[in-house]
Amino acid sequence: MSYRTISRCLMLLLLFPWAPKTAEAEEHRTVAVGSSVLLTILPTNNTEHIQWEYINSSMSQNIVDYYRVGITPVIYKPYEDRVIFYSSNGSLLLKNVQVTDSGTYRATVNLNKIEARQTALRVIEPVSKAQLQINSTVVGSAVELSCKVPVGKVQAIDWKKDGKPLPRNRCYQLSENFRVLYIPETQKTDCGSFSCNASNEISWQETSVNLTIEGITPPLKQALTISSVALTIAITLAVGSGLGFVILCCQTERKKITGELWRWLVVLIHGLVCVSSILMIIASVLWMREDGLSTVLILYMIFLTCVIMGTLLISVVLTICPRHLGMFKKKMMHRLILDIAAPGGVILVVLCAIFLTQNIQLLQKKGCSPFFDTTDASIISAAISLLILLALLVWYHRKKKNSHPESEEDQQREEQKEGSSEEQDDQI
């Protein structure tokens, strides 16, 4: 056996007893940014010198040199205000650690590199509170719940519904990194609290959001509001016309409403019927854009278009030149259309509004959100209709009071004018 072979064997025999000690000297620590870390050394009986140094892939830097005999510890400049060295046991306290402090910290006792204590330190950001975002909340649509963590390295994300693991009877899908939860087609059973728990080695944060499934889309909410307004106007006209007819029957011939007031009342009624019909056509178009074509609504829209043309014609003629209205009554068909435009329009608006409202409310029941309330819009539209009618009555009352006849001759002339206006109204 050669000399070189013998020397190699002796070196292996010398190193072999130290191998377990070297393995024991390895330590791995993971801490949060901003925390303080206490680094320790292996216990020894006779300590004359301790050296702490920082090592990473690109550099090596001394931290502390300590000699037991009469010399205070030497703390090197980059670490003067960041470390505390305890000479009694040789441990080192590293304060306010940052991500850049990650690396290996080695403590060498008495210059013995074999028994040096090495601590692999990993400094990471703790995860911040996650942000949950929802892209849609309409029933039947695809919903994505996105869990975003602004700060910190995330190692795991766990999803829960109502504080429990995701139910297996629903088709919930997760992205590759578990950051996005997909619900392909939402149902009423998907309503509830969803939470995502983001965690890493040193921290975890849980964020919850309440998923409320809407039964109808915003355009359908607009359609419901518009149809409620149209229905309120139609009902107000029906009730007002009914009360006016009763009052008219109870009045004497002299006190009946004639002349200008009667003409403007007719204009007001036909104008409101025209407006409510236009509103119902708009609501029907919004419905069909969201839910598809409907044969019933198309028929309603055709009849409502005829009502709009008839009521608009009467309102314009009575406003501009009421005497020309008689020429439209020469044909029986024209007379029939003019006579049934207002009452027929009210009936069509009421039927169409009820049909549309019922269908929208059926859709609302498929979700778990509160029913969309249209009470305010209905009250406002009813109040505006009544105020217009009241303003017309006040205007007529003041006009009649200012033109009150002072003599019997003026009174007779006024009665003759009223009689002629009655004949004109009969022609209208």
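We did not get these values from a lab; they are worked out from the coordinates using the rules stated. Predicted model only: the values in this text are computed from it and were never measured. Using ideal geometry, Cβ is built from the backbone for each residue, glycine included, and neighbour counts are taken over all protein chains shown.
With the highest mean first, a sort of the peptides 343-356, 153-166 on other beta-carbon atoms found within 10 angstrom per residue produces 343-356, 153-166. Applying the Kirkwood pairwise sum to the alpha-carbon positions of the range 33-116 produces a hydrodynamic radius of 13.2 angstrom.
Eigen-decomposition of the gyration tensor built on the alpha-carbon atoms of the range 131-211 gives equivalent ellipsoid semi-axes of 22, 12, 11 angstrom, largest listed first.
The residues packed around Y66, meaning those with a beta-carbon under 13 Å from its beta-carbon, carry a net charge of -2 if Lys and Arg are +1 and Asp and Glu are -1. For the range 136-156, the residues whose backbone nitrogen is under 16 Å from a point 7 Å from the Cα of S203, taken along Cα to Cβ, are 148-156. Each residue, F303 and K95, gets one label point 7 Å from its Cα in the Cβ direction; the gap between the two is 8.7 nm. Residue ranges 53-59, 108-114 sort as 108-114, 53-59 when ordered by packing (mean number of other C-beta atoms within 10 Å per residue, highest first). In this simple spin-label approximation, T44 and T72 carry label points 7 Å from Cα along the Cα→Cβ vector, and these lie 2.4 nm apart.
Stretching I354 away from Q61 to a fully extended chain increases their span by 97.2 nm, per 0.36 nm per residue minus the current alpha-carbon distance. Placing a label point 7 Å from the Cα of I384 along the Cα-to-Cβ line, the residues of the range 202-232 whose backbone N sits under 14 Å from it are 225-232.
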